[in-house]
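Structure, as structure tokens:
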Amino acid sequence: MSTVRYSIAVAALAVVSAGCVVQETRPLPQMQATQATQEVGEERLIDVGIRLFDPGIPKEVEEDPEKADEERIYPEIRRAEARYIPTRLRETLVGTAQWGAVRVVPSQVDSTDLIVSGEILESTGAELKIRVRAEDATGREWLDKEYEGPADTRSYREGGNLGRDPFQNVYVTIANDLLAARKALSDEQLETVQRVADLRFASGFAPAAFEEYLGKDDKTGRYEVIRLPAENDPVLERVAAIRERDENLIDTVSDGYTAFSERMDEPYSNWRRYTYDEIKAEEKLKAQARTRMALGALAVAAAVLVPDSCGSSNCARITDAVRYGAAAGGVAAVMSGLKKREESKIHTETLKELSSSFESEAAPLVVDVEGRTLRLTGTAEEQYAEWRRLLHELYVEDTGLARGSSVADGASGATSPGAG
Amino acid sequence: MGAGPSVPGGEDRRAAIDRRLEETFGAFDAAVRATQEQIARERAGQQSEDQQGPGGGPGEDRERGQDGDGATGSEAGSRGGLESVGAGDEGDGQAGGAAQQGGGSGTAIGSTGSGPRNIPPDIPDGSDDDIVARQIREAAMKETDPELREALWEEYRQYKKGQ
């Protein structure tokens with residue numbers, strides 16, 4: 001099994017890195033996301049769709065593996081993280097019980113109340129930096145911020161805090177910011193968000209039937225409810241049945257990403273744990289190398305510059321000794337610096353090996369989950385096209401509209417599951 | 001799934017549209033259910049592998065939420081259609097900040113979105129819960145059977161007393 005293969009690689013490399021254990025840093029406070037203490041009213045139970053993140057792979061890194069090592073951006077790992085990180089954020093939001101349905105969704109989905117999207121700016125075993133944006137169905141921006149944090153090394157310790165993600169504080173901060181943004185909105189505003197999301201979905205399926213209910217401000221790009229359809233509207237009833245199915249589909253896609261994250265959990269945790277040590281060891285040795293070489297160079301320069309103004313032989317001997325000592329010490333320091341630099345290269349190589357090994361582990365998992373998602377959403381798209389046609393026929397039947405009018409009349413890009 | 005035949009014209013046209021919708025709903029539901037079952041099997045296999053694997057010792061188990069019967073998020077947390085909604089309290093706790101507490105992240109892997117259900121007023125905010133307390137709390141919040149839910153809350157109270 002590939003996990004076993006990866007574990008063996010990790011174990012072998014761990015031996016190479018000479019008894020490395022997670023280097024301790026000052027313990028981080030373990031933040032907890034604000035949880036609901038009583039039932040959240042329906043009007044405030046906002047459904048959240050967390051899109052797969054942008055992996056943030058620069059083009060030059062994509063094209064040049066050497067650049068990848070240099071920048072420590074490993075494309076296959078980033079692609080896996082672009083699916084893993086939203087899943088962790090989702091778990092954090094679900095754990096607060098502050099939200100409605102929280103799902104990880106493909107990038108084309110926009111029919112939910114609140115869409116959260118993000119980009120990975122930096123992700124190593126030592127540091128996570130992401131940019132997160134959140135926008136509700138009306139087009140109102142809830143947040144657009146960069147979040148970063150160091151790894152909590154307790155999550156890396158054997159027998160330690162392994163249930164907690166090393167970057168849980170980052171997810172908690174995002175969850176609390178989203179909650180703060182929601183708290184800033186009135187019940188009425190949140191109800192409008194939900195109604196607009198519903199109407200956008202309905203318009204995607206039956207544009208002719210629903211276009212009169214939903215307006216969009218050309219200047220701000222914001223959606224608004226013009227008026228609500230009658231509760232017994234026959235097209236609306238069918239749209240509600242379709243919506244239920246769409247949500248079920250998106251839940252299934254989201255569950256697929258959760259399954260992916262669970263499969264990735266162990267090898268990814270190992271990769272982060274071991275790379276953390278390597279990164280820290282490499283950084284330390286590089287810093288030592290720089291310091292020693294700089295001090296060594298200074299000592300050699302000082303030796304050369306020892307003043308030669310003695311009038312006696314004793315003084316001259318002392319001066320020579322000082323000069324020799326300073327030069328020898330300087331050279332030794334430079335040599336030691338060079339050695340540290342060489343040692344740091346071992347860690348650099350280990351990092352490359354670990355990452356390359358984990359890349360080969362993660363890539364097929366990404367292919368698997370995306371393959372299933374595409375199969376599911378692809379066949380759903382075909383079905384959605386038929387439902388659109390049927391709803392249009394029903395609308396024509398009810399209103400006496402000319403039969404030749406277009407199904408997609410007024411629709412824009414509403415061809416994908418979850419697209420509103 | 002897939003595009004079907006056009007609905008024939010006639011006075012019973014609306015009924016025919018509905019019949020076709022029902023047929024396609026059935027096929028769609030079956031296809032989605034099949035994928036759900038496949039995912040559930042994979043996850044169950046993965047979890048049993050995790051438990052049997054070298055890293056599956058008691059101290060290393062990941063904190064996972066209750067999967068229950070595989071219910072999906074739309075069943076619990078989302079609303080359907082364009083129904084109107086009622087009023088309620090914000091219900092925000094104050095468990096944020098930097099609570100120094102070992103254990104989990106307050107997350108529930110695998111559970112899908114849902115709102116809290118009937119948290120009794122004497123239940124604290126959970127900011128100082130350990131893993132066990134949090135799992136009981138989450139199970140109680142998700143439980144739809146009122147008797148079982150109350151039993152879980154009672155379990156939670158007892159556990160908290162014993163801490």
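The values are calculated or read from the model by the stated rules, or taken from the named source; none is laboratory data. Bear in mind the structure is a predicted one, so any value in this text is a computation, not a measurement. Virtual Cβ from ideal backbone geometry, glycine too; neighbours counted across all protein chains shown. For the accessible areas, the whole protein counts, side chains as well, though only heavy atoms, and no ligand, DNA or RNA atoms are used. Shrake-Rupley method; radii C 1.70, N 1.55, O 1.52, S 1.80 Å.
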Can you name the residue in the stretch A:28-50 that is of a type in the set (G, A, S) and facing chain B (nearest Cβ under 7 Å) and, of all such residues, is nearest to A:L93 (Cα to Cα)?
A:A33
So how many residues does the stretch A:32-56 have that are free of Cβ contacts under 8 Å to residues at least 40 places away in the same chain and under 23 Å from A:L143 (Cα atoms)?
1
Exactly one of A:V102, A:V94 is surrounded by 24 or more Cβ atoms within 10 Å (Cβ to Cβ), farther than 17 Å from A:D54 by Cα and free of Cβ contacts under 8 Å to residues at least 24 places away in the same chain, and that residue is A:V94
Checking the structure you have, find out if any residue of the stretch A:383-393 is at pLDDT below 80 and surrounded by fewer than 17 Cβ atoms within 10 Å (Cβ to Cβ).
no
Could you check A:R51 against (1) under 30 Å from A:E353 (Cβ atoms); (2) open to solvent by 20 Å² or more (accessible area, probe 1.4 Å) and say which number it fails?
(1)
Answer with yes or no whether A:L190 is touching a helix residue (DSSP H, G or I) at 6+ places or on another chain (Cβ under 7 Å), touching a residue at least 60 places away in the same chain (Cβ under 8 Å), among the aliphatic types (A, V, I, L, M) and surrounded by 20 or more Cβ atoms within 10 Å (Cβ to Cβ).
yes
Can we say A:E66 is within 14 Å of chain B (Cβ to nearest Cβ), at pLDDT below 95 and open to solvent by 60 Å² or more (accessible area, probe 1.4 Å)?
no
